[in-house]
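Take a look at the structure below.
The values are calculated or read from the model by the stated rules, or taken from the named source; none is laboratory data. Computed from a prediction, not measured in an experiment: that's the story for all the values here. Virtual Cβ from ideal backbone geometry, glycine too; neighbours counted across all protein chains shown. Accessible surface areas use protein heavy atoms only, side chains included; no ligands, DNA or RNA. Shrake-Rupley method; radii C 1.70, N 1.55, O 1.52, S 1.80 Å.
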Amino acid sequence: MAAGIGGTALVFWLMMILGFATFGSHSQALLLNNYHGSQDIMATVARVFTGIAIISGYALMFAGLKAALFSFMKLDRPGVEKRDSKQNTISAILVAAIATAACFVTEHELATVIGIVGSVFGSVVIYMFPAFININLLRQKDKKGNPVAKPFFPGEILFNKIMAVFGVVFAVLGTWISLAEGGH
Amino acid sequence: MSAAGGTGAALATIILFVFGFLSWYSLVTWARAADVVLVKAKAENAGESLSAVWERVLPNGKLTTYIPDLGCVALTIGCLLFYSAFIGDIFGSLVSGLTGLPDILRTRWFVLLLLHAFPILPLCLKKDLSSLKYSSMTGLVGIFYTIFFVGKRLTDGTYAEGGEFFDLMPSKFQPAGLAGFPQKGGLLGYVGDMPPFHYGKGLLVLSTMGCVSYACHYNAVKVGLVQPRSCLFARVPADIVSHTCALLAVCLDDCDSSSTSWSSRIELFQRCRVSWLLVLVERRWCFGS
């Protein structure tokens, strides 16, 4: 397990060091933009591979969307009639709708809106929801009066309260920066 | 790292560790909660969503399951919309240069819709995350190649002044030192130019990016349910390292305050995705299948 995530760490570290070492202050947020679009064949291949990597990750993120949406629509219960058929139909409609919407906008046009969505809901899902879950879970006891879950470290409940506040702060901060950047 | 005045490499690293630790912690705790209320409690008819855990942990959780569900839906739809636009942009520009194809086949919208019909839709209809391992592996190969490519271009000097491609690029894409910091040169190029603990307004940008750069928690319960405890806790140190380097990569690449918005966010989400790809590899190792 550690080898897999360790490999990820190595990949990211190398991209960071090598990219910045090459272009310094003119390094683009999307580093491949620093490389020539047609003369540099290796860069073109890298763009193709980047696109393939995004496609491969698309399904992973879509899996998260399906889990949440089907839970909201109560379509994830085993007793639902024609559950698989309904799920596949909704999934196909979602992919079509997202693809169609993307035909009318470019990544730059989506910048501010997505920045706000990412900041708000990202902070909520990553920091606030887990904090609420942990605070309640660590306080729960079973029928014998024993805690149902052991804390990872002392003071974990307080830590989660701080993390919840942390999430609120960065939701506001991220929204502010997205709006500030969108105004330029 | 140099956005809005810049952030030193050491300070950026610390920020990465902080957000990486927090993101890892929230991931693991989702899995812990799922383990307690879904696995050990042998919950019947429970889904694999965050709300499945939410309703069993929070008081009156059943009444508010829509909150985590809609939060995840909003987050993932926003990201997927951007992914789709990005796929259209990158493949549209690649195909537009292919001569010999009819004009309609070289349009951005056609390429975008075609790719969503195949292979994206079949992949999205998969039920089990482990079935995505082949496409995930392909993505990983692409990432490794990109690493190799970036390293090769650094060492061969083709983009440095006097190199083969230097004059072909607009000045804003050519290598340049950081304003206000003398160029020291050396093996790491521009990396060592800024004092390691330097900070400015860019620290704020860096922090807000780091806050959500590991946004992959929408699958936390799904993956956490299939990981044995030993594997879950064994990857703790590796998680911290990977997430740390993920954001550090973004930090040090991020040098233009005007470009910190969208392209940098897709980079952040790409790195989250790579972490999830490696999680699938980990599953394979843990289960030996």
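May I ask you to list pairs of residues, at least six apart or on different chains, whose Cβ atoms are under 7 Å apart, with the first in region A:132-152 being among the β-branched types (V, I, T) and the second being outside any helix (DSSP H, G or I) and open to solvent by 40 Å² or more (accessible area, probe 1.4 Å)?
A:V148/A:Q140; A:V148/A:K141; A:V148/A:D142
Residues being part of a helix (DSSP H, G or I) and either in contact (Cβ under 8 Å) with a residue 24 or more places away in the chain or open to solvent by less than 70 Å² (accessible area, probe 1.4 Å) (or both): count how many of those fall in region B:114-127.
Residues meeting the conditions: 9.
Does region B:157-165 contain any residue that is farther than 11 Å from A:G24 by Cβ, more than 28 Å from the chain's Cα centre (by Cα) and not in a loop (DSSP other than H, G, I, E, B)?
No, that holds for no residue.
Does A:S27 satisfy the condition of being surrounded by fewer than 15 Cβ atoms within 10 Å (Cβ to Cβ) and either farther than 20 Å from B:N219 by Cβ or β-branched (V, I, T) (or both)?
No.
Kindly check whether there is at least one residue in region B:45-52 that is open to solvent by 30 Å² or more (accessible area, probe 1.4 Å), at pLDDT below 80 and over 25 Å from the mean Cα position of the chain (by Cα).
yes
Going by the conditions given, is B:L203 open to solvent by 10 Å² or more (accessible area, probe 1.4 Å), more than 7 Å from every other protein chain (Cβ to nearest Cβ), assigned to a helix (DSSP H, G or I) and at pLDDT 70 or above?
Yes, satisfied.
Cβ-Cβ distance below 9 Å, separation of 6 or more or different chains: which pairs start in region A:54-66 with a residue that is farther than 11 Å from B:C79 by Cα and more than 7 Å from chain B (Cβ to nearest Cβ) and end on one that is open to solvent by 10 Å² or more (accessible area, probe 1.4 Å) and modelled with pLDDT of 90 or more?
Here the result reads A:K66/A:Q87; A:K66/A:I90; A:K66/A:L94, each pair linking region A:54-66 to a residue that is open to solvent by 10 Å² or more (accessible area, probe 1.4 Å) and modelled with pLDDT of 90 or more.
Only one residue in B:D193, B:D156 is acidic (D, E), under 27 Å from A:V11 (Cβ atoms) and open to solvent by 30 Å² or more (accessible area, probe 1.4 Å). Which one?
B:D156
Do we find a residue being under 24 Å from A:I55 (Cα atoms) and modelled with pLDDT of 85 or more anywhere in region B:96-108?
yes
Every residue, every condition in (1) open to solvent by 10 Å² or more (accessible area, probe 1.4 Å); (2) more than 7 Å from chain A (Cβ to nearest Cβ); (3) in contact (Cβ under 8 Å) with a residue 12 or more places away in the chain, yes or no:
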position	(1), (2), (3)
B:D35	yes, yes, yes
B:V39	yes, yes, yes
B:E55	yes, yes, no
B:I77	yes, no, no
B:G97	yes, no, no
B:L101	yes, yes, no
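Got a number for residues in region A:32-44 being more than 17 Å from B:G92 (Cβ to Cβ), open to solvent by 10 Å² or more (accessible area, probe 1.4 Å) and within 7 Å of chain B (Cβ to nearest Cβ)?
The qualifying residues number 3.
If you take just the helices (runs of 4 or more DSSP H) that sit entirely in region A:41-155, which of them hold at least 3 residues that are over 23 Å from B:V53 (Cβ atoms) and in contact with a Leu (Cβ under 8 Å, 6 or more places away or on another chain)?
A:41-72, A:83-103, A:111-123
How about region A:112-153: which of its residues are closer than 30 Å to B:L204 by Cα, open to solvent by 40 Å² or more (accessible area, probe 1.4 Å) and not aromatic (F, W, Y)?
Selection gives A:T112, A:V113, A:I116, A:V120.
Which number in (1) more than 7 Å from chain A (Cβ to nearest Cβ); (2) in contact with a helix residue (DSSP H, G or I) (Cβ under 8 Å, 6 or more places away or on another chain); (3) open to solvent by 30 Å² or more (accessible area, probe 1.4 Å) marks the one condition that B:G61 misses?
All conditions pass for B:G61, except number (3).
Is it fair to say A:S178 is polar (S, T, N, Q), facing chain B (nearest Cβ under 9 Å), touching a Leu at 6+ places or on another chain (Cβ under 9 Å) and farther than 23 Å from B:P59 by Cβ?
Considered against the rule, which asks whether it is polar (S, T, N, Q), facing chain B (nearest Cβ under 9 Å), touching a Leu at 6+ places or on another chain (Cβ under 9 Å) and farther than 23 Å from B:P59 by Cβ, A:S178 comes out as no.
Name the single residue, out of those in region B:136-153 being open to solvent by less than 50 Å² (accessible area, probe 1.4 Å) and among the hydrophobic types (A, V, I, L, M, F, W, C), that is farthest from the other protein chains (Cβ to nearest Cβ).
Among those that are open to solvent by less than 50 Å² (accessible area, probe 1.4 Å) and among the hydrophobic types (A, V, I, L, M, F, W, C), it is B:L140.
Name every residue in region A:167-184 that is open to solvent by less than 50 Å² (accessible area, probe 1.4 Å) and in contact (Cβ under 8 Å) with a residue 24 or more places away in the chain, in order of residue number.
Hits for region A:167-184 are A:G167, A:F170, A:A171, A:L173, A:G174, A:T175, A:I177, A:S178, A:E181, A:G182.
Which one is farthest from the chain's Cα centre (by Cα) among residues in region A:97-155 that are small (G, A, S) and farther than 17 Å from B:F82 by Cβ?
A:G145
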